[in-house]
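Report on the following structure.
The values are calculated or read from the model by the stated rules, or taken from the named source; none is laboratory data. In this text, all values refer to a predicted model and were calculated from it rather than measured experimentally. Note: ideal-geometry Cβ built from the backbone for every residue, glycine included; neighbour counts use all protein chains shown. Ligands, DNA and RNA are excluded from the accessible area calculation, which covers all protein heavy atoms including side chains. Shrake-Rupley method; radii C 1.70, N 1.55, O 1.52, S 1.80 Å.
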Amino acid sequence: MELQKLLLSAAVFSALLSLSSVQTSAQPRYACDTSNPLTNTLPFCRTSLSINLRARDLVSRLTLDEKILQLVNTAPAIPRLGIPAYEWWSEALHGVAHVGYGIRLNGTISAATSFPQVILTAASFDANLWYQIGQAIGTEARAVYNAGQAKGMTFWAPNINIFRDPRWGRGQETPGEDPMMSGKYSVAYVRGIQGDSIEGGALGNQLKASACCKHFTAYDLERWEGMTRYVFDAKVTPQDMADTYQPPFESCVVQGKASGIMCSYNRLNGVPTCADHHLLTVTARNQWKFNGYIVSDCDAVSIIHDAQSYAKIPEDAVAAVLAAGMDINCGTYLKNHTKSAVEMKKVPISDIDRALSNLFAIRMRLGLFDGNPTKLPYGQIGPNDVCSKKHQKLALQAAREGIVLLKNDAKLLPLSKWNTHSLAVIGHNADAPIALRGNYAGIPCKTVTPLQGLNSYVKNTVYHKGCNWANCTEASVYQAVEVAKSVDYVVLVMGLDQTQEREDFDRSELVLPGKQEELIAEVAKAAKRPVILVILSGGPVDISSAKYNAKIGSILWAGYPGQAGGTALAEIIFGDHNPGGRLPVTWYPRDFIKVPMTDMRMRADPSSGYPGRTYRFYNGPKVYEFGYGLSYSDHRYEFTSVTGSKLNLRPPTVSQAAMNSDSVRYRLVSELDGKFCESNAVNVTVGVRNQGGMGGKHSVLLFVKPTKPENGSPVKQLVGFKRVEINAGDRSEVEFLVNPCKHVSKANEEGLMVIEEGSHSLVVGDVEHPLDIFV
């Protein structure tokens, strides 16, 4: 017995010694402990060396078995080198979340600021707000790490896939349907979370937290009529790739300097994206100069063999993704099959070493190999920086600025705070805290529901749920009607939740589920005055029946507004905030479900009746347009100055312009020097006057459209947007720079960006200004 105790003590001492730099759970995990003589002299611990040299040195010291274990998201410790375990999978889509394996919110830090779901934040059209949210998330992420509650600092956000189809369950996670706007969002969020300045260029090699652009690429289908994301082969033309699907990712990498990319489940023109060398290496690393790691979506490697049958045996799948340029597998497939792939000579060690060098370089850029993190930059960020007053105020601001006023007949809103003596709040979403979060949400600091927010304004507030759930298979219409009859005003809080749209679940209809429309109509009919309808949803909903119902005076779309959503809604309804959000997606009519989700074409095809997709190409009826949104004030626009209405894009050193099949002259953007494009940029100044009685923030959207859209040209496209605050009766000026090579170009059928000769118009609101292009 004594011998057993002695042996046990020796074993414990040995284990403690070998793990001397792997800290307890109460401390942040890090390598290269300066007090550990076994590792502090190793080259990969020398901060004077470059990150690449340090990463290569570390990889050179690993055995093959150790290397293979590092190729998956849950990477084990390497005790002999003092390297702690690391978890690559953490989430921070709209706040630090405990969705992945990397973050725990069950210690000193038990919650994090829950910002609105991205689709609502995007509706603010405010890049500065997006940046501030990224900053706040990066700070809270670092605080969780410093508190010893994070196994990693790599966050798999933002989701910047184009919201192509209104039924898509994950459209709520994205900034919407416009490629340029999605790119701007990605840049702002990535710069914020990673620790860069809002202008960029201040980041260097050090990361506050690591962002990951996902899902690369052409991913926007979960489940539709038996087709799943796991086997879907997205057939995308070079033209649509060039001007729709790829631009957000290019912006995320080139301008945002994102340190991660996630390849998607789907195939792209027959090739799994995680096995696509042209996509991952030629495009991302070589053309865009991507500096970071590439991770598969979870189990996306396994399906290459198991579901898609692209690879004959598991080892072929492993070989394909590593050769393509993928670095790490979310899942266990590489852990299980890489060694046999090496033994079968399908995978060279050099592919593994390259992947590991990319992975350890990220961990080093995060400062996890620089000794005690409390003595490093970001080391003093702590629990007090999570759920701070500043961050919670920002969450409220984001909800306020994103909420969109869709209808306000007879200026029903805002309601009077003094003359509203009784109020009914009806609807399944009125007092449902979880419904406010959307998906990929963490634990909020606190939550204010719409019922709670409205009750703070009107003490005599009556609540009725109305529907049993969001699917509204049962509706207490009679009881809700009786409640509506008894009060001065009625607010209906209806719409969707995560049972109706989410990851791995697309909608089959665009109307409100179940008996919601019936409940809304009957309550509106019975109420003393026109009612206010609030819709919670990520995707568009056909609410035409409410739009044209005179008994429904006002409609607000509130997305999934986060922890402060109830406060924001109440402030807008009672006039303490002037709404200024604008829809970041087109709201299609219910018949749009006849269009197959699997049809990836963006452009309309009149010959077959295909209507196209998004405001840039769709030629069918709309419930509400992209960019639509009302205010409590009217705003009038004018073009104050435009430096050039006629652009001559004929550089002296370039050959004559070519001519397309429609006999339209054009030039390839690639033929034009960047400085030439900049020198021909048009300075546009737009004057905006607030003609109402209430000040507030207002988003100005500038579009360009060809006089005659031909040969696949967009009907119109967004050039720029800016949010300005204008007091009642005041006027403000907003400046835009229109670069013809970026903003007036389009993709031809070969996927090359071209500028076509012809007449265009600059458009803001209902005001246009001519812009003629000569090539």
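Beta carbons closer than 8 Å, at least 6 apart along the sequence or on distinct chains, pair a first residue in the range 169-197 that is at pLDDT 95 or above and part of a loop (DSSP other than H, G, I, E, B) with a second that is open to solvent by 10 Å² or more (accessible area, probe 1.4 Å) and among the polar types (S, T, N, Q) for Arg170/Asn439; Asp178/Gln717; Gly195/Gln206. Suppose the filter is polar (S, T, N, Q), more than 30 Å from Leu630 (Cα to Cα) and modelled with pLDDT of 95 or more; does Asn329 pass it? Answer is yes for this residue. The set of residues in the range 602-634 that are assigned to a strand (DSSP E or B), buried (at least 18 other Cβ atoms within 10 Å of the Cβ) and over 23 Å from the mean Cα position of the chain (by Cα) contains only Leu630.
Within the range 512-534, how many residues turn out to be under 32 Å from the mean Cα position of the chain (by Cα) and open to solvent by less than 50 Å² (accessible area, probe 1.4 Å)?
So in the range 512-534, the residues under 32 Å from the mean Cα position of the chain (by Cα) come out as 512-517, 520, 532-534.
Next, only the ones that are open to solvent by less than 50 Å² (accessible area, probe 1.4 Å) stay: 512-513, 516, 520, 532-534.
Number of matching residues: 7.
Among what's in the range 418-427 and is not in a loop (DSSP other than H, G, I, E, B) and not β-branched (Val, Ile, Thr), pick the residue that is surrounded by the most Cβ atoms within 10 Å (Cβ to Cβ). Don't jump to the end; show me each part of the working.
Start the filter on the range 418-427 by keeping residues that are not in a loop (DSSP other than H, G, I, E, B), which leaves 423-426.
After this cut, where a residue has to be not β-branched (Val, Ile, Thr) as well, the list is 423-424.
On the way: Leu423: 23, Ala424: 27.
Checked the range 418-427; the qualifying residue surrounded by the most Cβ atoms within 10 Å (Cβ to Cβ) is Ala424.
Glu678 meets all of the listed conditions (1) closer than 26 Å to Gly729 by Cα; (2) open to solvent by 80 Å² or more (accessible area, probe 1.4 Å); (3) within 33 Å of the chain's Cα centre (by Cα); (4) not hydrophobic (A, V, I, L, M, F, W, C) but one, namely (1). Looking across the range 428-458, just one residue is polar (S, T, N, Q) and surrounded by fewer than 17 Cβ atoms within 10 Å (Cβ to Cβ), and that is Ser456.
Only one of the numbered conditions (1) under 33 Å from the mean Cα position of the chain (by Cα); (2) part of a strand (DSSP E or B) is not met by Val490, and that is (1).
Please go through the range 757-775 and pick out each residue that is of a type in the set (Val, Ile, Thr) and buried (at least 16 other Cβ atoms within 10 Å of the Cβ). Spell out how you get there, then give the answer.
Narrowing the range 757-775 to residues of a type in the set (Val, Ile, Thr): 763-764, 767, 773, 775.
Listed by number, the residues that qualify are Val763, Val764, Ile773, Val775.
Report, by residue number, each residue of the range 80-111 that is surrounded by 21 or more Cβ atoms within 10 Å (Cβ to Cβ) and in contact with a Leu (Cβ under 7 Å, 6 or more places away or on another chain). Within the range 80-111, Gly82 is the sole residue that qualifies.
With the structure loaded, tell me whether Ser670 is over 27 Å from His769 (Cα atoms), outside the structural domain of Asn269 (by the TED database), of a type outside the set (Val, Ile, Thr) and in a helix (DSSP H, G or I) or whether it fails that test. When the stated conditions are applied, Ser670 passes them. Looking only at the range 392-417, residues that are crowded, with 24+ Cβ neighbours inside 10 Å and out of contact with any strand residue (DSSP E or B) (no Cβ under 8 Å at 6 or more places or on another chain) come to 5 in all.
One residue stands out among those in the range 574-591 that are closer than 25 Å to Glu222 by Cα, over 24 Å from the mean Cα position of the chain (by Cα) and touching a residue at least 24 places away in the same chain (Cβ under 8 Å): the one that is least open to solvent (accessible area, probe 1.4 Å), which is Pro589. Inspect the range 240-249 for any residue being more than 21 Å from Thr174 (Cβ to Cβ), surrounded by fewer than 24 Cβ atoms within 10 Å (Cβ to Cβ), touching a residue at least 40 places away in the same chain (Cβ under 8 Å) and of a type outside the set (Val, Ile, Thr) and give the result as yes or no. Checking the range 240-249: not a single residue is more than 21 Å from Thr174 (Cβ to Cβ), surrounded by fewer than 24 Cβ atoms within 10 Å (Cβ to Cβ), touching a residue at least 40 places away in the same chain (Cβ under 8 Å) and of a type outside the set (Val, Ile, Thr). Cβ-Cβ contacts under 7 Å between residues 6 or more apart (or on different chains), taken from a first residue in the range 522-549 that is outside the structural domain of Ala122 (by the TED database) and under 18 Å from Pro621 (Cβ atoms) to a second residue that is basic (Lys, Arg) and assigned to a helix (DSSP H, G or I), are listed as Asp542/Arg590. With respect to the conditions (1) in a loop (DSSP other than H, G, I, E, B); (2) at positive phi, Pro414 falls short on a single one, namely (2). The single residue among Thr598, Thr586, Thr614 that is touching a helix residue (DSSP H, G or I) at 6+ places or on another chain (Cβ under 6 Å), of a type in the set (S, T, N, Q) and within 30 Å of Thr228 (Cβ to Cβ) turns out to be Thr586.
Can you pull out the residues in the range 704-735 that are closer than 21 Å to Ala188 by Cα and either in contact with a Phe, Trp or Tyr (Cβ under 7 Å, 6 or more places away or on another chain) or open to solvent by less than 60 Å² (accessible area, probe 1.4 Å) (or both)? Can you show your working first?
Initially, the range 704-735 is screened for residues closer than 21 Å to Ala188 by Cα, giving 717-725, 734-735.
Passing the criteria: Gln717, Leu718, Val719, Gly720, Phe721, Arg723, Val724, Val734.
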